[in-house]
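Report on one structure; see the data block that follows.
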There are 2 protein chains.
Amino acid sequence: MSQHRHPGASGRAGVVPALPDLPEATVARLPEYLRALHNLAETGHETISSEGLASAAGVNSAKLRKDLSQLGSYGTRGVGYDVALLIDQIEYVLGLTQRRAVALVGVGNLGHALAGYDGFATRGFRIAALFDADPKRVGEEISGLVVRHIDDLPRVAAEEAIAIGVIATPAAAAQRVADELVAVGVTSILNFAPCVLSVPDGVDVRKVDLAIELQILSFHEHRKASLTRLPATGGSTLTALPGGLAAPDTQEAIGT
Amino acid sequence: MSQHRHPGASGRAGVVPALPDLPEATVARLPEYLRALHNLAETGHETISSEGLASAAGVNSAKLRKDLSQLGSYGTRGVGYDVALLIDQIEYVLGLTQRRAVALVGVGNLGHALAGYDGFATRGFRIAALFDADPKRVGEEISGLVVRHIDDLPRVAAEEAIAIGVIATPAAAAQRVADELVAVGVTSILNFAPCVLSVPDGVDVRKVDLAIELQILSFHEHRKASLTRLPATGGSTLTALPGGLAAPDTQEAIGT
DNA sequence: CGCGATTTGTGCACGTCTTCACAAGCGCCT
DNA sequence: AGGCGCTTGTGAAGACGTGCACAAATCGCG
Ligand SMILES: NC(=O)c1ccc[n+]([C@@H]2O[C@H](COP(=O)([O-])OP(=O)(O)OC[C@H]3O[C@@H](n4cnc5c(N)ncnc54)[C@H](O)[C@@H]3O)[C@@H](O)[C@H]2O)c1
Ligand SMILES: NC(=O)c1ccc[n+]([C@@H]2O[C@H](COP(=O)([O-])OP(=O)(O)OC[C@H]3O[C@@H](n4cnc5c(N)ncnc54)[C@H](O)[C@@H]3O)[C@@H](O)[C@H]2O)c1
């Protein structure tokens, strides 16, 4: 049970491997590998090569192998990776062996969609509670859960072990909600409101902002348009974009 | 005293302002700066220092200055940046001087929320059309737009200049929809379905996957939990995370 | 049992991103 | 006019991430 982890010395004690400290870029890709692996498992694959998994996940195979090697050696040379084993490993590393409880705050337009989303349940999470500040919304039942008032957060948090808070309120309320989540011990927040949150050390915030994604796409549109106005410098100018175009979570022109 | 520009007025015809090819990491942050600048403009600020803008955008000031310097020299030493001018500059670079038309495909749970989202309009975009494959959904009116059948996509695309396609269908349909979008000339896609899309060169795809975000948070939860089980190595172990913890679009522990 | 085909794991080189630290530039005040 | 304080813009260094290319390991087969 008690496991020691020292920087550099990844001594593995018995069955449970020590949590290695993975590069953040790797962590961001593991969920994608996991999804691809589940697909493969469903279609009857027992093993998969790095090449096969890489293409299913939309990355390059060298990168995939390097990522997986960070978790330990779970492949077999000449054969590939055992799909079931790898799923277990990645789920373990991502902390998905326990189904984490999620609290969703802000049951408006977006919040309703999220509350009804089955992707929570199928991918390792459980919506434990819904909150809103609007009295007209409190009491409403959404896919089996009753919306509670945000003031009940402390009480509910004491009952359920809330691991992650999701903020789907207007931006103006987001900081206040974040503070309230932090106050009841939540140390991971997913923020859909378009604003920056201030949180204490040790609390992780990830942000999803639709408009930012669109604006990044807009930039590339603008750029592509300005390129086509240039005198032809050779063949297809569109593919002459700089190599680094692919952002951390952008896929660009992965061939068929 | 170099170039100033007006949307549609000066220097657009012959003298192309030479779109610099920005580092992708910079492009991903510009929208955040833009949002912060709009907030500042609304609260009456005419100029802002790199320090002030950086904290409003949740980044470090050196990074912000380097990012902005990529666009040209639009700051004044000893003073800061002119808020209005910088807004114009960033909007120009991001290609927001023209309001781009967005087609939303898949008007289900999530699609409804997106269709009613005012963040499109307020941040440079216009929902031009809604599509679905379900005959029961076709004809429904959502915030002023009528849902059309996906088979009408070619006709609508000919009328409106669709710049960006947003996919909010189940994963099983996403590739097919992407192909149809590409076929009518769309070169930028925002994909909410949890799957990898194959597109030809020159087409940009960005993905938003809620479950991936949650799983990344889960990893850090798992990690924090395993750290607290360690014998105290002196002081607050939670802040002893490696410096690179902050992912491209993660904010971690930005002090109050 | 040994050999060839296959595929992993990784050393290495290269490119990108971040951060520091400071010179250069600007406005204000005297 | 000149000096002073403030802030930008950037060179350089280091951290980080990526992709190539190949040795090492394993399997299947004769
Ligand atoms: N609708 C979308 O598709 C979409 C897409 C991307 C981002 N967003 C962002 O998500 C957020 C929510 O969007 P929406 O369209 O659902 O807005 P909405 O106005 O429909 O819903 C917001 C909900 O939050 C509740 N709320 C307000 N203050 C609260 C508080 N202090 N505590 C608890 N609940 C509170 C309101 O009562 C309301 O029910 C916004 O910040 C929006 O910018 C929305
Ligand atoms: N609901 C959420 O909060 C949420 C969050 C994150 C991601 N997602 C993802 O977004 C997607 C949509 O989720 P949802 O909850 O809205 O699902 P949904 O089933 O409610 O809606 C999907 C819609 O797409 C339509 N559709 C199916 N095939 C189509 C086709 N070929 N062309 C056009 N339209 C088609 C369906 O008729 C339906 O209206 C899914 O991939 C889901 O995983 C949803």
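Since every read-out is calculated from the coordinates, none of them should be taken as a lab result. What you see is a predicted model; the values in this text were computed from it and never measured. Quick reminder, even Gly has a Cβ in these numbers, built from the backbone with ideal geometry, and neighbours come from all protein chains shown.
Backbone phi angles across the range A:146-153, fed through the Karplus curve with coefficients 6.51, -1.76 and 1.60 (θ = phi - 60°), yield HN-Hα couplings of 9, 6, 10, 7, 4, 5, 7, 3 Hz in residue order; Gly and Pro are listed as x. Directionally averaged projected area (the range B:70-111, Cα convex hull): 4.9 nm².
With contacts taken as Cα pairs under 8 Å at a separation of at least 6 residues, the range A:23-171 carries a relative contact order of 20 percent. Label-to-label distance, A:Ala25 versus B:Glu160, with points set 7 angstrom from Cα along the beta-carbon direction: 3.8 nm.
If a/c stays under 1.5 just call it rounded; otherwise compare a/b with b/c (prolate if a/b is bigger, oblate if not). Do that for the range A:24-93, with a ≥ b ≥ c from the square roots of the Cα gyration tensor eigenvalues.
Taking the square roots of the gyration eigenvalues as a ≥ b ≥ c, the range A:24-93 is rounded.
Counting Lys +1, Arg +1, Asp -1, Glu -1, what net charge surrounds A:Gly124 among other residues with beta carbon under 15 Å of its beta carbon?
Result for the local shell: -2.
Per-residue mean of foreign Cβ neighbours for B:92-99 is 5 (Cβ atoms of other chains, 10 Å radius).
Neighbouring Cβ atoms from other chains, within 10 Å of the Cβ of residues in B:158-170, number 1 on average. For the range B:82-112, the residues whose backbone nitrogen is under 12 Å from a point 7 Å from the Cα of A:Ser226, taken along Cα to Cβ, are B:89-97.
Reducing the range B:99-114 and the range A:83-138 to their Cα centroids gives an inter-centroid distance of 23 Å. For the range A:28-166, the convex hull drawn through the C-alpha positions has a volume of 120 cubic angstrom per residue. In terms of the Cα gyration tensor, with a ≥ b ≥ c the square roots of its eigenvalues, is the range A:100-210 rounded because a/c is under 1.5, prolate because a/b exceeds b/c, or oblate? Note, shape of the range A:100-210 comes out rounded.
Among the residues of B:68-79, the average count of other protein chain beta-carbon atoms within 10 Å of the residue beta-carbon is 0. The order of the peptides B:147-160, B:182-195, A:203-216 by mean Cβ neighbours within 10 Å, most packed first, is A:203-216, B:182-195, B:147-160. Across the alpha-carbon set of the range A:158-216, the Rg to Rh ratio works out to 1.00, Rh being the Kirkwood radius.
Exposure proxy shown here: for A:Ser198, A:Ser50, A:Ser143, the number of other Cβ atoms within 10 Å sets the order, fewest to most, as A:Ser143, A:Ser198, A:Ser50.
Summing charges over neighbours of A:Val156, with a neighbour being any other residue whose Cβ is under 12 Å away from its Cβ, gives -3 when K and R count +1 and D and E count -1. Which pairs, out of A:Lys136/B:Lys207; A:Lys136/B:Lys136; A:Lys66/B:Lys66; A:Lys136/B:Lys224; A:Lys224/B:Lys66; A:Lys207/B:Lys66, put more than 28 Å between their alpha-carbon atoms? Violating the 28 Å limit, Cα to Cα: A:Lys136/B:Lys207; A:Lys136/B:Lys136; A:Lys66/B:Lys66; A:Lys136/B:Lys224.
Less than 13 Å Cβ to Cβ from A:Val146, Lys/Arg counted +1 and Asp/Glu -1: what total charge do the surrounding residues give?
Counting the neighbours of A:Val146, the net charge comes to -2.
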